[in-house]
Amino acid sequence: MYAVIKTGGKQYKVSEGDILRVEKLDAEEGTTVELDDVLMLGNGEDITVGAPIIEGAHVSATVKQQGRGKKITIIKFKRRKHHRKQAGHRQSFTELEITGISATGGAKKAAPAKVKSAAKPAAKKAAPAAKADTAAVRFLSAPEGKADDLKKISGVGPKLEEKLNNLGIYHFSQIEKFTAEDIEKVDGELSFKGRIDREDWLGQAKILAAGGETEFSKKK
């Protein structure tokens with residue numbers, strides 16, 4: 001009698017007495033494990049195929065050894081980029097001895113996994129809401145009080161000031177608090193190609209928001 005089982009994402013054809021190495025299982029040496037994902041059973045000409053597994057069937061095995069395979073070397077290399085990275089890896093394995101094959105009496109152990117997967121979507125839904133709130137505080141639909149004269153920042157003329165206003169940017173205090181994400185957004189919208197960082201808009205805006213003057217604003 002033989003069986004085709006699935007474990008660690010791989011399929012194995014096994015018979016009683018076989019010794020094989022599979023992807024690491026969480027079991028101590030000398031203990032018995034039951035492999036419930038049986039895809040096919042064969043006994044002479046009598047063959048049973050699962051859809052995808054055979055309900056109730058299981059294969060019993062004894063853990064003979066927990067070990068690690070031979071070391072393999074991984075090299076990542078990019079020509080003309082001065083990039084070469086080398087690392088080693090030893091894959092963990094569990095050595096099993098097949099002690100029995102049964103077409104009935106196996107117990108499925110999938111219930112805990114279903115509970116875990118059901119809890120994950122709820123955590124993912126909360127993240128987008130927090131992002132939207134942060135953006136709404138930074139980019140305004142209308143100026144809070146009198147809008148600042150953004151032309152005091154070097155490189156900002158009347159047309160560019162209008163475009164910044166259209167994006168919801170009216171005050172020096174908004175610009176000085178730009179995050180890397182905000183800079184990327186404004187750069188992308190106005191095709192700045194790094195102008196904000198290059199001309200130190202954040203530093204100028206900080207001085208102007210505090211009521212000071214920059215070298216550029218003094219000239220104006």
Among Gly17, Gly67, the single one that is in the same structural domain as Ser92 (by TED's automatic domain parsing) and on the phi > 0 side of the Ramachandran plot is Gly17
**Asked** Among the residues of region 24-32, is there at least one that is surrounded by 12 or more Cβ atoms within 10 Å (Cβ to Cβ) and free of Cβ contacts under 8 Å to residues at least 60 places away in the same chain?
**Response** yes
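Somewhere in region 199-220, is a residue modelled with pLDDT under 80, among the acidic types (Asp, Glu), within 13 Å of Ile153 (Cβ to Cβ) and in a helix (DSSP H, G or I)? Can you show your working first?
Filtering region 199-220 down to residues modelled with pLDDT under 80 leaves 199, 201, 215-220.
Filter once more, keeping what is among the acidic types (Asp, Glu): 199, 215.
Filter again for within 13 Å of Ile153 (Cβ to Cβ), leaving 199, 215.
Subset that is in a helix (DSSP H, G or I): 215.
There is at least one residue in region 199-220 that is modelled with pLDDT under 80, among the acidic types (Asp, Glu), within 13 Å of Ile153 (Cβ to Cβ) and in a helix (DSSP H, G or I).
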Checked region 44-57 for anything loosely packed, with under 15 Cβ neighbours inside 10 Å, in a loop (DSSP other than H, G, I, E, B) and either within 35 Å of the chain's Cα centre (by Cα) or touching a residue at least 24 places away in the same chain (Cβ under 8 Å) (or both); matches are Ala51, Pro52, Glu55, Gly56
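Residue by residue, here is whether (1) exposed (fewer than 10 other Cβ atoms within 10 Å of the Cβ); (2) part of a strand (DSSP E or B); (3) under 34 Å from the mean Cα position of the chain (by Cα); (4) at pLDDT 90 or above holds:
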position	(1), (2), (3), (4)
Leu39	no, yes, yes, yes
Gly42	no, yes, no, yes
Val59	no, yes, no, yes
Ile75	yes, yes, yes, yes
Glu95	no, yes, yes, yes
Ser117	yes, no, yes, no
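The values are calculated or read from the model by the stated rules, or taken from the named source; none is laboratory data. A quick note: this is a predicted structure, and the numbers were derived from the prediction, not measured. Note that we place each Cβ from the backbone using ideal geometry, even for glycine, and neighbour counts take in every protein chain shown.
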